[in-house]
1. Can you name every residue in the stretch 9-41 that is in contact with a Ser or Thr (Cβ under 7 Å, 6 or more places away or on another chain), in contact (Cβ under 8 Å) with a residue 24 or more places away in the chain and not in a strand (DSSP E or B)?
2. Is the stretch 69-85 home to any residue that is within 22 Å of residue 24 (Cα to Cα), at pLDDT below 95, open to solvent by less than 30 Å² (accessible area, probe 1.4 Å) and not in a loop (DSSP other than H, G, I, E, B)?
3. Filtering the stretch 86-116 down to residues that are at pLDDT 95 or above and either loosely packed, with under 13 Cβ neighbours inside 10 Å or not aliphatic (A, V, I, L, M) (or both), which residue is nearest to the chain's Cα centre (by Cα)?
4. Looking only at residues in the stretch 36-68 that are within 21 Å of residue 8 (Cβ to Cβ) and touching a Gly at 6+ places or on another chain (Cβ under 9 Å), which one is most open to solvent (accessible area, probe 1.4 Å)?
5. Run down 47, 54 and say which single residue is hydrophobic (A, V, I, L, M, F, W, C), over 13 Å from the mean Cα position of the chain (by Cα), under 15 Å from residue 126 (Cβ atoms) and part of a helix (DSSP H, G or I).
6. Return the only residue of 129, 133 being closer than 21 Å to residue 36 by Cβ, open to solvent by 50 Å² or more (accessible area, probe 1.4 Å), at pLDDT below 70 and not aliphatic (A, V, I, L, M).
Amino acid sequence: MISQPSRHCTVELQALPSRIGQVRRIVSAQLRYWHLDPLIDQAALGVTELLTNVHRHAEPDKMCTVEIELLLDRLMVSVHDHDPRLPQIRDAEPFATCGRGLAMVAAVSESWGVRPQGDAGKIVWFTLPAPSPAVALPAYPMYGAVGKTPARSAVVG
């Protein structure tokens, strides 16, 4: 299920490797729609790491909800799963192939944290500073502006 009220998007899924790529594409498309293109790489990396943690560690199931929400000048990305155990940043060995997910989220985000939800699980979240809305440029050159002549027009004399 995807809901997209004004500046809020929610995706419910089972955190399987095949679904993580789909959610990353949904988040990227939503941020493009909101004209937040500069945040796509960081948000996609963060949501990938959080969903990978759900896939690897969550019990009793892999069901979760991803939410992205634009709150004034902050983008909030959160993942709610049903496992009440709280994640912790670990010191990974230099050549380890896992164990760096939360450290990467912390490195690319402005802030991050965990909200315990008792028997309902937990919410792991991170924020990114949202850039000021860019001024939209016209899709085509504007003809008819004072002192401008369209390049393809013929001058009759």
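1. Across the stretch 9-41, the qualifying residues are 20, 24.
2. For the stretch 69-85, residues within 22 Å of residue 24 (Cα to Cα), at pLDDT below 95, open to solvent by less than 30 Å² (accessible area, probe 1.4 Å) and not in a loop (DSSP other than H, G, I, E, B): absent.
3. Step one: of the stretch 86-116, the residues at pLDDT 95 or above are 109-116.
Imposing the further condition that a residue be either loosely packed, with under 13 Cβ neighbours inside 10 Å or not aliphatic (A, V, I, L, M) (or both) reduces the set to 109-113, 115-116.
Details: 109: 11, 110: 13, 111: 14, 112: 13, 113: 16, 115: 18, 116: 21 Å.
Filtering the stretch 86-116 for residues that are at pLDDT 95 or above and either loosely packed, with under 13 Cβ neighbours inside 10 Å or not aliphatic (A, V, I, L, M) (or both), the one nearest to the chain's Cα centre (by Cα) comes out as 109.
4. Among them, the one singled out is 48.
5. On the way: 47 fails: over 13 Å from the mean Cα position of the chain (by Cα).
Step by step, each of 47, 54 is checked, and only 54 is hydrophobic (A, V, I, L, M, F, W, C), over 13 Å from the mean Cα position of the chain (by Cα), under 15 Å from residue 126 (Cβ atoms) and part of a helix (DSSP H, G or I).
6. On the way: 129 fails: at pLDDT below 70.
Just one listed residue meets the conditions, 133.
The values are calculated or read from the model by the stated rules, or taken from the named source; none is laboratory data. Given the structure is predicted, the values throughout are model-derived calculations rather than measurements. Positions of Cβ are generated from backbone atoms using ideal geometry, with glycine treated the same way; all protein chains shown enter the neighbour counts. Areas reflect the complete protein model, heavy atoms only, side chains present, ligands, DNA and RNA absent. Shrake-Rupley method; radii C 1.70, N 1.55, O 1.52, S 1.80 Å.
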